[in-house]
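The next block holds one structure in the form of C-alpha cells; read it before the comments.
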Amino acid sequence: MDHRPLLAPDIVPPRSALPLLLSIPHSGRAYPGWLVRDSVGGLASLTALEDPLIDRLAWRAFALGTGAIIARAPRAAIDCNRAPDEIDPSVVAGSPEPASARAKAGLGIVPGRTASSGHLWRRPITRAELDRRIAIAHAPYHQAIEHGLDRLAITHGGAILLDCHSMPPRHGQAELVIGDRHGTSAGRAVTDAAARIARAAGWSVELNQPYAGGHVIQRHGDPAANIHALQLEFDRRAYLAADGRTPGPGFDRAARLLEALTSGLAGQIELPALAAE
C-alpha cells in the first residue's frame, strides 16, 4: 500500500542581487498512489491540471541567481493558487456553498472537475484531510513567498514576484498574458515594463485578458509597499511539442523570455531615498 505523503515546496534561495522571486505553483508531479486511486479517471485526469514543465522553463532565470518557490505537491491534491476558503462542497464533505466563481466551476483549492475529464474524485474528502494538505503543502508555500519577499524588500526597498503558469491553446490568444489583477497587485510601471520586454523579444502580449491573476498575486502583491506581483501565462504551444507534455522547438525561446523578464524588471524597483544627515 502506497502511503507516501504529499511533498512540501522546493525553495530555491536567491544567489544574486536581483530583487525578484519566482512562484511556480502548478508544476508538482509527485503523485502518491493513494491520490491516483481516489480519482475516477486515473493519473491522466490529474496530470491534465498541471502547467507542464513551467518549472524547467526557469532554468535560465535560475542561472542568473533568481530565487523561487516551486510546488512539488500536484495541483490535483492542493492548489496553491487558490485561497483556503475556495472550497467546492462536492470535494470537501460538509462545506458550505462556495462564494468563489472558481470553486463553483470545480477549480477550488482541491479541484473537483475539469472540462476534459468531468468529476475527478470517487468520494469527497474530510475537512481534516483538507487541513492536512494545507499544512503540508499550501501554507508552507505561501510562508516561503512571504519570507522571500520580505528579505528582498529589506535589502532592496521593494521586490517583484513573477507567478509562472501556462494556459491551454485557444484560437487567437496572445502567446503571453500578463496579469496584475487590473492594477491592484503591481504598479502600472512594472506591468508596462514586463509587456515591453516581452514584445521586444517578439512575443504577442495581452494584459489581464483572459487571466487577471489568482490567489498568489492577490495575496502577495502590495504596490503601495513597493511589492509588485505579476502572473505570467504562457501559451503551451509557445514552448511545448504537439503532445503538450514535452519540450517543443520554442522551449528555449520561452526560457530566454523568462530570463529577460527576470533581469529586465530589476530596474523597476527604486531604492528608498537615504535619510538626510
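The values are calculated or read from the model by the stated rules, or taken from the named source; none is laboratory data. These numbers come from a predicted model, not from an experiment. Neighbour counts are summed over all protein chains in view; Cβ atoms, including those assigned to glycine, are modelled from backbone coordinates with ideal geometry. Each accessible area value is taken on the protein alone, full model and side chains, heavy atoms only, with ligands, DNA and RNA left out. Shrake-Rupley method; radii C 1.70, N 1.55, O 1.52, S 1.80 Å.
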By Kyte-Doolittle mean hydropathy of at least 0.0 and Cα axial length of at least 15 Å, which whole DSSP H helices of the chain are selected?
188-200, 251-264
With labels modelled as points extended 7 Å from the Cα through the Cβ direction, what inter-label distance (nm, one decimal) is found for residue 243 paired with residue 11?
3.6
Kirkwood-Stokes translational diffusion coefficient of the chain, alpha-carbon pairs, 25 °C, 0.890 mPa s, µm²/s
128
Here FRET efficiency (C-beta to C-beta, residue 43 to residue 154, R₀ 51 Å, nearest 0.05) is 0.75
Solvent-accessible area per residue for the chain (1.4 angstrom probe, square angstrom):
44
How high is the relative contact order of the range 11-137, in percent, counting Cα pairs under 8 Å that sit 6 or more residues apart?
28
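To check you understand DSSP bridge types, tell me what percent of the beta bridges within the range 1-124 (both residues inside) are antiparallel, rounded to 5.
60
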Of 65, 33, 179, the most mobile residue in a GNM of the chain (C-alpha springs, cutoff 10 Å) is 33
What are the ³J(HN,Hα) couplings of the range 222-234, residue after residue, when phi is run through the Karplus curve with 6.51, -1.76, 1.60 and θ = phi - 60°? Round to Hz, x for glycine and proline.
8, x, 4, 9, 6, 10, 10, 10, 10, 9, 10, 10, 8
Length released on extending from residue 34 to residue 209, taking residue separation times 0.36 nm less the Cα-Cα span:
59.3 nm
Take the Cβ-Cβ distance between residue 253 and residue 123 as r, set R0 to 41 Å, and report the resulting FRET efficiency rounded to the nearest 0.05.
0.40
As a percent rounded to 5, the proportion of antiparallel DSSP bridges among beta bridges in the chain is 35
Taking the chain and dividing mean pair separation by its residue count, relative contact order in percent (alpha carbons under 8 Å, at least six apart):
22
What residues have an amide H closer than 5 Å to that of residue 75, excluding those fewer than 5 places away on the same chain, when H is modeled at 1.01 Å from N in the peptide plane?
28
Most mobile of 37, 127, 170 in a GNM of the chain (Cα contacts under 10 Å):
170
With all protein chains present, how much of the accessible area of the chain (probe radius 1.4 Å) comes from carbon and sulfur, to the nearest whole percent?
56
Return the sequence-ordered ³J(HN,Hα) values of the range 21-28 in whole Hz as given by the Karplus equation 6.51 cos²θ - 1.76 cosθ + 1.60 applied to θ = phi - 60°, using x for Gly and Pro.
9, 9, 10, 10, x, 10, 9, x
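Pull out a ≥ b ≥ c, the square roots of the eigenvalues of the alpha-carbon gyration tensor of the range 131-250, then state rounded if a/c is under 1.5, prolate if not and a/b is larger than b/c, and oblate in the remaining case.
oblate
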